[in-house]
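Asks: For reference, the structure I am asking about is given below.
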Amino acid sequence: MPLDTSRDADTVRLHADGTIGRLRSAPAVPTAPPLAGPDTPGAEAPGSDRTAGAEELRDASDTQVIGPAADLPPSDPQVVESTAIPAEPTVGETPGPDGPGDGPAEPPGTAVGPGGRPRWRRRSVLVPAAALVALGAAYGVDLLTSGDDVPRGTVVAGVELGGLSPAAAAQRLDGELTPRITADRAVVAADVQDVLHPPAAGLALDVPATVDAADHQPLAPWTRLTSLFSERRVDPVLSVDHTSLNAQLDQLAATVDRAPVDASITVDGTTPALVAPVDGRTLDRSGAAAAITAALVSGADPATAIDLPVDVTAVRVDTAEAQRVLDATVTPALAAPVTVVGSDGADSVVVPPTAIAASLTFTPQDDGTLAVAVDPTALQTAMGAEFADFGSPAKDARFEVSGDSISVVPSVDGQGINPTDLAAQLLPVLDDPAPRSVTATLGPVPAAFTTEQAQALGVTEQVSTFSTHFTNSASGTNIRVVAEEVDGALVRPGETFSLNGYTGPRGTAQGYVPAAVINGGELSQAVGGGISQFATTMFNAVFFAGLEDVHHKPHSFYISRYPAGREATVYEGLIDLQWRNDTDTGVYVQTEWVPGTITVTLWGTKHYDVESVSGERRNLREPAVQDKVDDGNCTPQSGSTGFDITVTRVFKDIHSGAELRREDFNTHYAAEAVIHCVPAADPAAGQPAAGGTPAPATPSGRRPGARVGEDVGTRVRRRRR
């Protein structure tokens, strides 16, 4: 039958001489020897001269065995083509292009694909491998050529640094980003707007740290690839002086913070009026600091205001409750007087509406109600000597200092109307229609503070005393006023003394005058300046008495006339001086003011000998220098070096002198900026006034701030170094 010649790649040519030609396209694989057996068609019996290696040619219908050329008719010119059946190659040989054994030997176990090629030589393997090699080479070249430069595509707060050397990147940051960081910014907290001065708040761009954060070359191949068409954003690094930043926030909080005002009633003369409730609010200082630093780090436009978070405290008493009290109690109470009649009916005193109005109190309750009461002390004050007709008033015991000793002035009981009992009698009749009267029972009126109570406090000797000096007359006036208020204060065992709480408001109505204070790191004027000198004097008296320091706040930067690390500043309603009498005896406060000197002496029972040990000044910080346009309010400052210091209070036994314990006070002082007042620029010529130098639009360098209301009395323009 005819042979199939449709697949050249799988055929052999049988020549007329009986030889088989080479494969035209695919290597021939030797066929396996035919199986010989008695039942096998075409098998030769033993001894046959047919070659055992004869090849078989098969088609779809029969099998033809083709032997050696000698078995074919020599004269037959027919060319026979037949399908070659591949045979397994000889061990150790690899089929080559011309047949078995022509190609190099492959290692045992090498995967062989169609066509006899190893799988690793296939195009689908070689092409990706070549691509990976090329990409690896490109990655290496890219990494080597980048060197120490800032990675491409790097952007810091809108400033492009990619491809720059570290030095060039630092120069660009100084020129483009530093002015934005140090520019003044508007801040908004609730309905309060103010201006933040970043240098005064201790905020500045840390250029070396920012360059260091930006110039690290990424090693991830994908990151380097994506940097060809995308930005790599890096946040700038800020240096923060927390003391100065807190001072700026305290200054802002002075206008933001307010206590909640419950709905209440106020009386002007005898005219009552409703007080509307106002929610309290407090500047979230930590949140505000985070918002400010985030705005600076983002590189936002300095003209964009920074919103600062505020915590709100709701009121307890609403308007409806206050209106109810006004209509039901207060209005009837002030409509007519009340007559107080003696028990014998012979004497009587009229309590006018003015005295009733002066003695009414309104106290918010936790349940939302507004409680009304009559204050006995206020009633007694409003009536003056009117109740004297019923007897004689009581006198409390008191302490009197004479030289180096202190004694108790005994109390005196009174006779007549007891104000506390009378107040309790008046309250129920205040909403009655006129005429109204109460009958007072006369009797002894005991003193509120008796001789026995005073003697039991153990106030027998001087415990400590401390003095400071001043030269400014305005500050001296304020120091005298506050000293007069505090003189005679008695702090019982376990009680805490608060300077702000004891004095109350310190305004012009109380006799205080404008004097020098530190505001935002600069000198200015405010009512009550100089109170911090009194606070510092009292703090030192408390320090050497060995009493517990509850709270004190040092000035933000050092003032040379105060002991370093042993001083305190105050501001009404915000910064307070508080100390606790942690002994079992009382403490009597004596103040002495003479021109140029204030002295605070504590009397009681001495429990310790106290020594102060000051450590070395460390972490010195040099002041920034700032040129400020003189708009009429500029005050030059000579500046001062900032530093840290630790002062140790050593407690010793008063009898043996043995050390009992130690207490450290750590203080951080910011550097006070050097301020030069320069003339304002001439608008017409676009130049500064003659002899002046132009002031920068934004301060350069860091100008430490200060706590709000830190008063300095008279600033020493040239400080001792």
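The values are calculated or read from the model by the stated rules, or taken from the named source; none is laboratory data. The structure displayed is predicted, hence computed values, not measured ones. We place every Cβ from the backbone using ideal geometry, glycine too, and count neighbours over all the protein chains shown. Areas reflect the complete protein model, heavy atoms only, side chains present, ligands, DNA and RNA absent. Shrake-Rupley method; radii C 1.70, N 1.55, O 1.52, S 1.80 Å.
Asks: What is the calculated FRET efficiency for residue 392 to residue 206, with r their C-beta to C-beta distance and R₀ = 51 Å, to the nearest 0.05?
Replies: 0.10
Asks: What's the FRET efficiency of residue 548 with residue 574 using the Cβ-Cβ distance as r and R₀ = 25 Å, to the nearest 0.05?
Replies: Plugging the Cβ-Cβ distance into 1/(1 + (r/R0)^6) gives 0.70.
Asks: Under the classification rounded if a/c is under 1.5, otherwise prolate if a/b is larger than b/c and oblate if not, where does the stretch 538-605 fall, given a ≥ b ≥ c as square roots of the Cα gyration tensor eigenvalues?
Replies: oblate
Asks: Which value, in Å², gives the accessible area per residue of the stretch 272-425 when a 1.4 Å probe is used on the protein heavy atoms?
Replies: 49 Å²
Asks: Also: Could you point to the residue in 636, 647, 680 farthest towards the positive end of the stretch 628-681's charge dipole, with +1 and -1 charges on the Cβ of Lys/Arg and Asp/Glu respectively?
Replies: Ranked along the dipole, the leading option is 647.
Asks: Sort the stretch 466-552 into rounded, prolate or oblate with this rule: let a ≥ b ≥ c be the square roots of the eigenvalues of the Cα gyration tensor; rounded if a/c is under 1.5, and if a/c is not under 1.5, prolate when a/b is larger than b/c, oblate otherwise.
Replies: Prolate is the answer for the stretch 466-552, as a/c is 1.5 or above and a/b outweighs b/c.
Asks: Could you run the Karplus curve 6.51 cos²θ - 1.76 cosθ + 1.60 with θ = phi - 60° over the stretch 636-651 and give me ³J(HN,Hα) per residue in whole Hz, x for Gly and Pro?
Replies: x, 10, 7, x, 8, 7, x, 6, 10, 8, 10, 10, 10, 9, 9, 8
Asks: Rounded to the nearest angstrom and ordered from largest down, what semi-axes does the equivalent ellipsoid of the stretch 349-457 get from its C-alpha gyration tensor (root of 5λ)?
Replies: Here the semi-axes work out to 32, 19, 12 Å.
Asks: Roughly how many percent of the accessible protein surface of the stretch 505-586 is carbon and sulfur, given a 1.4 Å probe and a whole-percent answer?
Replies: Roughly 51 percent of what the probe reaches on the stretch 505-586 is carbon or sulfur.
Asks: I would also like to ask the following. With a 1.4 Å probe and every protein chain kept in, tell me what percent of the accessible surface of the stretch 292-423 is carbon plus sulfur.
Replies: Here it works out to 51 percent.
Asks: Regarding the stretch 290-395, what's the average projected area of the Cα-atom convex hull, expressed in nm²?
Replies: Projected over every direction and averaged, the Cα hull of the stretch 290-395 covers 13.5 nm².
Asks: May I pose another question? What order do you get for 595-605, 569-579 when each peptide is scored by the mean count of other beta carbon atoms within 10 Å, highest first?
Replies: Per-residue Cβ counts within 10 Å, averaged per peptide and sorted highest first, yield 569-579, 595-605.
Asks: Sorted by accessible area (1.4 Å probe), largest first, how do 152, 436 line up?
Replies: Largest accessible area first, the list is 152, 436.
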